[in-house]
Amino acid sequence: MSFGPHITRRDFVQGALIGVGGAVLGCKTPRPIRPNTLGPDWYGYGGVGDYRLSHGNTPDAVATAHRLRDGGFPAGFEVVESIEDYDLVIVGAGIAGLGAALEYSRRRKAGHTCLMLDNHPIFGSEAKENEFDVGGVRLIGPQGSNGFFIPAAVQDPAGAAGDARYYAELGVPREFRFRDWPATNKPLRFSPDNYEYLVRGLERHTSVGHFFRADSSAEGIWAIDIWERRLANTPLTTEVREALLRWHESGSTRKFATDEQAVRALDSMSYQQFLEHELRMRPEGARYANLFLASACGLGSDAISAYVTYQLPMPALTDPLPPELRRVSFPGGNSGFVRHFLKRLIPDAIAGTGSFEDTITGHIRLDALDRAGEPLRVRLRSTAVSVAHASPGTVNVVYTRDGRLYGIRAKAVIMATGGWMNLYVVRDLPPAYREAYRQFIHAPFLVANVALTNWRFLARLGITAAIWDRDEGSDFGYTCNIRNPMQVGGYQPPLNPDQPTILSFYTPFHHPGLPPREQTARGRMELLSTSYPEYERRIAAQMMKLFGASGFDAKRDVAGLILNRWGHAFSVPFPGFFGGAAGKEAAPREVIRRAHGRIAFAHSELNGWQHWGPAADEGRRAFTQLVDAI
Ligand SMILES: Cc1cc2nc3c(=O)[nH]c(=O)nc-3n(C[C@H](O)[C@H](O)[C@H](O)COP(=O)(O)OP(=O)(O)OC[C@H]3O[C@@H](n4cnc5c(N)ncnc54)[C@H](O)[C@@H]3O)c2cc1C
């Protein structure tokens, strides 16, 4: 089974042509993916608009990274075609790199120059967007990074940190428009993002359906708003209901005077261990927690430090969030923040004025990114393959673009990329940094955005979000939902069951019980070795299982599918990530946060749970470490 005729052959072929020959389908044992092994049908359809050629990791970025890992750029290859000089090079144009660039733009001296390199065709990395045109209706959705809570207002942004600082510094509005749901319609509630319905306490804002399928021959039943009904409408046994309710209704059971105390007490065990050993809870709560944890951190409660769940809104370590709290999501998720950074740094990069509407919906002007003579230039489709200190006061950078190698002499370099790349790119990385980086675990993730011509089948069920149990014979995923889409100026997506919308599947790859590294290796293997048509088939089959009985018809109702594959989406905050019982100073991330000569490291992986404001803070910290070197 596959989706209907709406995806044009031309669109599909355009995406497919970006692929690089050979296929690994059917390969069962996890083993490293070799360069040139992604089939021509791997990448698939990319939608329309500025982001159509950059959804998730591109085949080119994957192939170059794997070539690096496999020693394909051996010592001595640095015979380059040209050499440029810059004061500062920032590798990585995600939010961490942009945080570094913003600090550079605030503090640079006259004449200073900075070049930013990124290996994707558009800036933003995990914070990018997909765009569809469904019968003339423009629809925008996140490729990954998704939503936020509006931070407290601050008077002095320069004295603040994290979300609050950049929110104020970039002038992001504090009020937004969403669609009203007419009182005359069947009552339905919507998440504004793709996470809110998974957060304890906030799920009440969404009409959430849980799909139960006790045996594979049965059709399955829907239980709607299960937490409000205290699970009374589910087919679960009394024991399981009681266990889940005990977990879900549990407020904060531990209080700590300082963060250091919390790290020492909680970072030595997983959330699952905390629930089952410390609180003597049955396993059902930890298992249900996986829905949110694996979607937000890459792996589930068996692999995540209990300390993280003290920071995130999770039962038993935090109190329920105030019911009036709401998440917010820009049309393209946190791509909206990236666009604010870019508009501030290179105003011509996005067409139009500095208004919120233009910043969010204006066209990207690639020709404005890399202009000679500008203090900040952004060069896309460029992978740094070697960074190393050279003569005193110099760092040499070699990058590859369109199959050619180029050189840069810089006074300082910020690696705003993850450890999975830095280990291979930074050639003179000291052993302590290598040892620290080798402790990091990176989890893959897949965001599948399905453009629908209508969502009548959801309205019939009385839901806008769905959750199902992967173990009950499902083909794909764990959750999906439609958002109440933000309205921005001329961008007015509908909220009507007979009109188009995007159904998003946020899909982790966790295998609870296996060692965390094995879970992520298996997940990456599946993510990289499954073709676009195979995912299309699995998603269509899953949608039929869930929604077939309420009238879903894949050929009629689906207008397009975009896969956003992130090979190293999340840094998994495993027990010990924050220093464990030994405390913060022993944490591997603290080693990486020290500058290595004229090279400093910035990536949101260092925060433990990845989030836009702390990502920018890592970039700002890295620039501050190097400011005297440029
Ligand atoms: C599915 C998903 C959902 C999320 N949801 C949220 C959310 O709701 N709210 C929130 O705040 N955060 C969310 N996040 C986290 C947030 O997206 C990240 O913390 C942040 O965007 C990461 O920014 P970064 O700059 O640290 O890294 P990245 O975005 O990874 O950027 C690094 C860039 O460097 C590039 N690069 C790597 N090596 C090289 C090289 N050698 N040469 C050139 N370029 C290179 C990478 O390809 C990438 O483009 C989510 C993340 C994911 C994956």
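Read-outs throughout are calculated quantities, based only on the coordinates presented, and are distinct from any laboratory measurement. Just so it is clear, the structure is predicted and the values come from calculations on it, not from any experiment. Please note: Cβ atoms are built from the backbone with ideal geometry, for glycine as well, and neighbour counts cover all protein chains shown.
So what does the Cα-only Debye profile of segment 386-541 read at q = 0.14, 0.15, 0.20 Å⁻¹, as log10 I(q)/I(0), no solvent term?
These q points yield log10 I(q)/I(0) values of -0.92, -0.96, -1.22.
Along the Cα→Cβ direction, 7 angstrom out, place labels at Glu585 and Glu472. What is the inter-label distance in nm?
Taking the two extended label points, one gets 5.2 nm.
Where does the longest stretch of the chain lie that holds no GluC sites (Glu not before Pro) found in a DSSP loop with 16 or fewer other Cβ atoms within 10 Å?
473-630
Per residue of the chain, what 222 nm ellipticity follows from adding -39500 (n - 2.57) for every DSSP H run with n ≥ 4, rounded to the nearest 500?
-8000 deg cm²/dmol
Report the gain in length on full extension from Asn185 to Ile83: 0.36 nm times residue separation, minus Cα-Cα distance, nm rounded to one decimal.
Going from the current span to full extension adds 30.3 nm.
Of all the C-alpha pairs in the chain, what % are more than 38 Å from each other?
30
Which Cα, out of Thr113, Thr453, Leu527, lies furthest along the positive dipole direction of the chain (beta carbon charges, K/R +1, D/E -1)?
Of the listed residues, the answer is Thr113.
Got the relative contact order for the chain handy, in percent, Cα pairs under 8 Å and 6 or more residues apart?
It rounds to 24 percent for the chain.
Name the shape class, rounded, prolate or oblate, that the alpha-carbon gyration tensor gives for segment 475-525, where a ≥ b ≥ c are the square roots of its eigenvalues, rounded holds for a/c under 1.5, and otherwise prolate holds if a/b is larger than b/c and oblate otherwise.
It is prolate, given that a/c is not under 1.5 and a/b is the larger ratio.
What is the angle, in °, between the Cα long axis of helix 612-626 and the longest principal axis of the Cα atoms in the chain? Nearest 10 is fine, range 0 to 90.
Once rounded, one gets 10 degrees.
Give me the distance in nm between label points sitting 7 Å out from Cα along the Cα-to-Cβ direction at Ala351 and Ala232, one decimal.
5.6
How much net charge surrounds Asp358 when only other residues with a Cβ under 14 Å from its Cβ are counted (Lys, Arg +1; Asp, Glu -1)?
Charge balance near Asp358 sits at +1.
For segment 141-262, what is the per residue volume of the convex hull drawn over the alpha-carbon atoms, in cubic angstrom?
216
Dipole magnitude of segment 244-345 about its Cα centre, charges +1 at Lys/Arg Cβ and -1 at Asp/Glu Cβ only, in debye to the nearest 20?
So the magnitude is around 440 debye.
Can you tell which of Ala602, Gly220, Ser145 lies farthest toward the positive end of the dipole of the chain, using +1 and -1 charges on the Cβ of basic and acidic side chains (Lys, Arg; Asp, Glu)?
Ala602
Tell me, Kirkwood radius of segment 364-453 from alpha-carbon pair distances, in Å?
Taking every pair of different Cα atoms in segment 364-453, averaging 1/r and inverting gives 15.9 Å.
Does segment 57-117 come out rounded, prolate or oblate by the C-alpha gyration tensor, with a ≥ b ≥ c the root eigenvalues, rounded set by a/c under 1.5 and, if not, prolate when a/b is larger than b/c and oblate if not?
oblate
Which Cα, out of Ala554, Ser301, Val385, lies furthest along the positive dipole direction of the chain (beta carbon charges, K/R +1, D/E -1)?
Result: Val385.
Helix 532-547 versus the longest principal axis of the chain: what angle, 0 to 90°, nearest 10, using Cα atoms?
Value to nearest ten degrees: 30.
For segment 390-405, what does the Karplus curve 6.51 cos²θ - 1.76 cosθ + 1.60, with θ = phi - 60°, yield as ³J(HN,Hα) per residue in whole Hz, taken in order and with x for Gly and Pro?
My calculation for segment 390-405 gives 10, 4, x, x, 10, 10, 8, 10, 10, 10, 10, 8, 6, x, 10, 9 Hz in order.
Residue-wise, which Karplus ³J(HN,Hα) couplings in Hz belong to segment 518-525, taking 6.51 cos²θ - 1.76 cosθ + 1.60, θ = phi - 60°, and x for glycine or proline?
Values per residue, Gly and Pro as x: 5, 4, 6, 5, 4, x, 5, 4 Hz.
Within the chain, what percent of beta bridges assigned by DSSP are antiparallel, to the nearest 5?
65
With a Förster radius of 22 Å, plug the Cβ-Cβ distance of Ala164 and Arg254 into 1/(1 + (r/R0)^6) and report the FRET value to the nearest 0.05.
0.25
Rounded if a/c is under 1.5, else prolate if a/b beats b/c, else oblate: with a ≥ b ≥ c from the C-alpha gyration tensor eigenvalues square-rooted, which is segment 101-181?
Here segment 101-181 falls in the oblate category.
Which parts of segment 129-151 would a label at Arg556 reach, counting a residue when its backbone N lies under 20 Å from a point 7 Å out along Cα-to-Cβ?
Output list for this probe position: 134-136.
Considering only DSSP beta bridges where both residues belong to segment 40-161, give the percentage that are antiparallel (nearest 5).
Looking only at bridges with both residues in segment 40-161, the antiparallel portion is about 60 percent.
Which value, in debye to the nearest 20, gives the size of the charge dipole of the chain about its Cα centre, when Lys and Arg are +1 and Asp and Glu are -1 at the Cβ?
360
Using the C-alpha atoms of segment 344-408, what convex hull volume per residue, in cubic angstrom, is computed?
Hull volume normalised by residue count: 120 Å³.
In debye, nearest 20: dipole of segment 99-208 around its Cα centre with unit charges on the Cβ of K, R (+) and D, E (-)?
It works out to roughly 200 debye.
Net charge near Thr417, counting Lys/Arg +1 and Asp/Glu -1 over other residues with Cβ under 13 Å of its Cβ?
Charge balance in the 13 Å sphere: -4.
Taking K and R as +1 and D and E as -1, what net charge do the other residues with C-beta under 10 Å from the C-beta of Lys545 add up to?
Spelling it out: positives minus negatives among the neighbours equals -2.
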